[in-house]
Structure formats: structure tokens, C-alpha cells
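The values are calculated or read from the model by the stated rules, or taken from the named source; none is laboratory data. Here the structure is a predicted model, which is why all the values come from computation and not from measurement. Ideal geometry is used to build each Cβ from the backbone, glycine not excepted, and the neighbour counts take in all protein chains shown.
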Amino acid sequence: MDIHQILQKLPHRYPFLLVDRVLEIEHGKRIVALKNVSINEPYFVGHFPQRPVMPGVLMIEALAQAAALLSFDAMGASPDDKTIYYFAGIDAARFKRPVEPGDQLMLHVTLERMRAGLFKYKGRGMVGGELAVEAELMCTMRSFA
């Protein structure tokens, strides 16, 4: 899935779109996506000027965006203007190594459970084969008028 297909599925836009490409997707089971981390990211100006590091909360958000793409695929659905995808919970988040400009953050997300509009995932972010971040995510899709 290239950036044009991702833009059709996710409502996020620059500077908050954190998935550049989907490399693999196994219907209803797992996804492998990619975030290219560039020095041009706006958060690096202040986090941290002397040693730029991707904020942990944005690594979690990148995993969640990959999870949203997996959910749309699992349901065979596309988003519309009256549906939004929300975090419902984040558990066991751990940060194992810094993610810096020039890194490729590989996003590995597996769908553990999907029931009554609630999705549970396990996510891992890897850089060069090393674990950078891991978390259990719960998300839900809600319709609004």
C-alpha cells in the first residue's frame, strides 16, 4: 500500500501522518508498515535540539495508525466522514531504544481480538532489527452525526 492508498484510508495529514508505506498485510491478522524518520519532522526542533529523538507518544501513534489500516482491511471497509477511530486503551507500553533521524521505524501490528467495534492489538516498532517500542493497543471506531 503506497502513500496515496494510505491517504485514502487515514484521516491524518502532515505533520501527523506517521505511516509512509505498508509493506505487508495479512487480511485480518497482521500488518507491517514503515515510518521513515526524517530530521525535517517538526517535533525535532524541540525534542531535543542537542540530540533529536522521536517522542515515545508518536511511536505509539504510528503503531495505532498502522492498526487502523489493519482494521479497515479486516472489516473490508473504508472510512467515511461520519466515522472516526479512537484509542480506547494503551497497556504495557515499553520504550527500548531511541528512534532518531535517519531511522526506519518498522511497525509490526497483530490483531488479537475484534469484538463489538472494539479492537485489541499487539504492536512492536523495530529499527534495524532492534526493538524500539512495544505496546498493547485497544481502539474503537465510532460514528457521529
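Identify the residue in region 102-131 that is hydrophobic (A, V, I, L, M, F, W, C) and more than 17 Å from Gln65 (Cα to Cα) and, among all such residues, is surrounded by the most Cβ atoms within 10 Å (Cβ to Cβ).
Val127
Quick check on region 34-48. Is at least one of its residues over 22 Å from Glu134 (Cβ atoms) and of a type in the set (S, T, N, Q)?
Yes, region 34-48 has at least one match.
For region 99-111, give me each residue that is in contact with a strand residue (DSSP E or B) (Cβ under 6 Å, 6 or more places away or on another chain) and either modelled with pLDDT under 95 or not in a strand (DSSP E or B) (or both).
The answer is Val99, Asp103.
Give the residues of region 45-68 that are under 24 Å from Arg142 (Cα atoms) and at pLDDT below 95, sorted by residue number.
Ala68
Only residues that are hydrophobic (A, V, I, L, M, F, W, C), within 16 Å of Gly102 (Cβ to Cβ) and in contact with a Pro (Cβ under 8 Å, 6 or more places away or on another chain): list them for region 30-78, please.
Val37, Ile39, Phe44, Val53, Met54
Taking region 112-134, which residues are on the phi > 0 side of the Ramachandran plot and either assigned to a strand (DSSP E or B) or modelled with pLDDT of 95 or more (or both)? Explain how you work it out, then say what you get.
Step one: of region 112-134, the residues on the phi > 0 side of the Ramachandran plot are 116-117, 128-129.
Of everything in region 112-134, those that are on the phi > 0 side of the Ramachandran plot and either assigned to a strand (DSSP E or B) or modelled with pLDDT of 95 or more (or both) turn out to be Gly128, Gly129.
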